[in-house]
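A.B. asks: Could you have a look at this structure, given as structure tokens, before my questions?
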Amino acid sequence: VGALRGAGSAGVLVLAGAEFAWYVSGLWFARRGSRGGIWLALLLAGWLALVLLAPDFVWLAFALFFLCFHLLPTVAAIAATAALTAVAIAASIGHGTANPTAAVLGPLFGALVASGTALIYRQLVRDAEQRDALLTELTAAHRELLDAQDELVRLQRETGATAERARLARDIHDTLAQGFSSILLLARAGLRTGGDTAALLGRIEETARRNLVEARRVVDKLRPSDLDDAPLAAALGRVLDRL
């Protein structure tokens with residue numbers, strides 16, 4: 001208001017209104033996801049025109065400092081802040097301020113505070129992004145570790161099943177296959193020699209009995225532990241009770 005009264009011009013009022021409307025339109029640029037480079041350039045041009053008309057608009061530079069750091073890269077933001085500070089100081093002195101020291105120190109300290117605050121904020125944002133990235137990597141690594149553990153369990157289960165099949169095949173070969181081979185050899189020998197049939201059948205019976213015992217031992221190894229202390233019906237009853 002003081003600037004408008006000091007300038008005494010309707011053009012300043014129109015320009016200030018246009019500057020404010022353009023500033024508010026920045027919300028539209030933000031919603032569209034635009035970086036707003038053109039918007040910032042026109043905003044700075046409007047502020048420069050207002051500063052040339054009235055010195056009180058110099059203090060709007062403090063808000064412009066934050067906008068520069070928000071929309072521009074760090075180096076460009078620092079350069080723009082330095083340029084705005086120089087313009088603010090030159091405009092204040094050029095309009096004939098009563099306190100030149102304040103005209104210099106005010107924009108200068110404002111620029112330093114805005115720059116420091118913006119740089120600290122940017123560092124905090126970078127740290128947060130790095131923590132998020134690290135958390136994402138740790139989550140992915142944990143998921144991969146769980147998948148590797150599941151794969152290891154599966155491979156161990158398959159290895160155990162393969163080893164059990166090999167053991168069964170070996171036991172069957174050592175018992176049933178060899179037993180049947182022995183019986184077959186005895187029968188063939190008896191048929192060729194035509195000897196005592198009773199003695200031959202006795203030898204075949206003894207061989208079959210021994211191999212039957214061995215076969216039962218193989219089967220007993222496959223029997224569940226519930227059958228060690230109880231018959232099948234009682235063992236099934238306990239399983240159903242647990243279910």
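A.B. asks: For THR117, THR136, give me the order by solvent-accessible area with a 1.4 Å probe, most accessible first, ignoring ligands, DNA and RNA. The partial results should precede the final answer.
C.D. replies: On the way: THR117 70, THR136 90 Å².
My answer, sorted largest first, is THR136, THR117.
A.B. asks: Please pull out the direction-averaged projected area of the stretch 130-171, using the convex hull of its alpha-carbon atoms, in nm² to one decimal place. If you can, show how the numbers build up before the last one.
C.D. replies: Working: hull surface 9.4 nm².
With every direction weighted equally, the projected area is 2.3 nm².
A.B. asks: Using 1/(1 + (r/R0)^6) with R0 = 45 angstrom and r between the beta carbons of GLU151 and LEU124, what's the FRET efficiency to the nearest 0.05?
C.D. replies: 0.65
A.B. asks: Would you kindly derive the ³J(HN,Hα) couplings of the stretch 110-126 from the backbone phi angles with the Karplus curve 6.51 cos²θ - 1.76 cosθ + 1.60 (θ = phi - 60°), listing them in order in whole Hz, with x for Gly and Pro?
C.D. replies: These are the phi-based 3J(HN,Hα) values: x, 5, 5, 5, 5, 5, x, 5, 5, 5, 5, 4, 5, 5, 5, 5, 4 Hz.
A.B. asks: Short version: ³J(HN,Hα) in whole Hz for each residue of the stretch 10-21, in order, from phi by Karplus 6.51 cos²θ - 1.76 cosθ + 1.60 (θ = phi - 60°), x for Gly and Pro, what are they?
C.D. replies: 5, x, 5, 4, 5, 5, 5, x, 5, 5, 5, 5
A.B. asks: Calculate the spin-label point distance for LEU42 paired with HIS173, positioning each point 7 Å from the Cα along the beta-carbon direction, and give it in nanometres.
C.D. replies: According to this spin-label approximation, the distance is 8.8 nm.
A.B. asks: Using a 1.4 angstrom probe with every protein chain in place, what is the largest-first accessible-area order of HIS142, HIS70?
C.D. replies: Details: HIS142 105, HIS70 125 Å².
So the residues, ranked largest to smallest area, are HIS70, HIS142.
A.B. asks: Let me ask something else. Project the alpha carbons of the stretch 23-182 onto their principal axes and report the range along each, largest first, in whole Å.
C.D. replies: 125, 31, 19 Å, listed from the longest principal axis down.
A.B. asks: What figure in square angstrom, to the nearest 10, would you give for the accessible area of TYR121 with a 1.4 Å probe?
C.D. replies: 150 Å²
The values are calculated or read from the model by the stated rules, or taken from the named source; none is laboratory data. These numbers come from a predicted model, not from an experiment. Cβ: placed from backbone, ideal geometry, glycine included. Neighbour counts: every protein chain shown. Ligands, DNA and RNA are stripped out before the accessible areas are found, and what is left, the full protein with its side chains, is counted by its heavy atoms. Shrake-Rupley method; radii C 1.70, N 1.55, O 1.52, S 1.80 Å.
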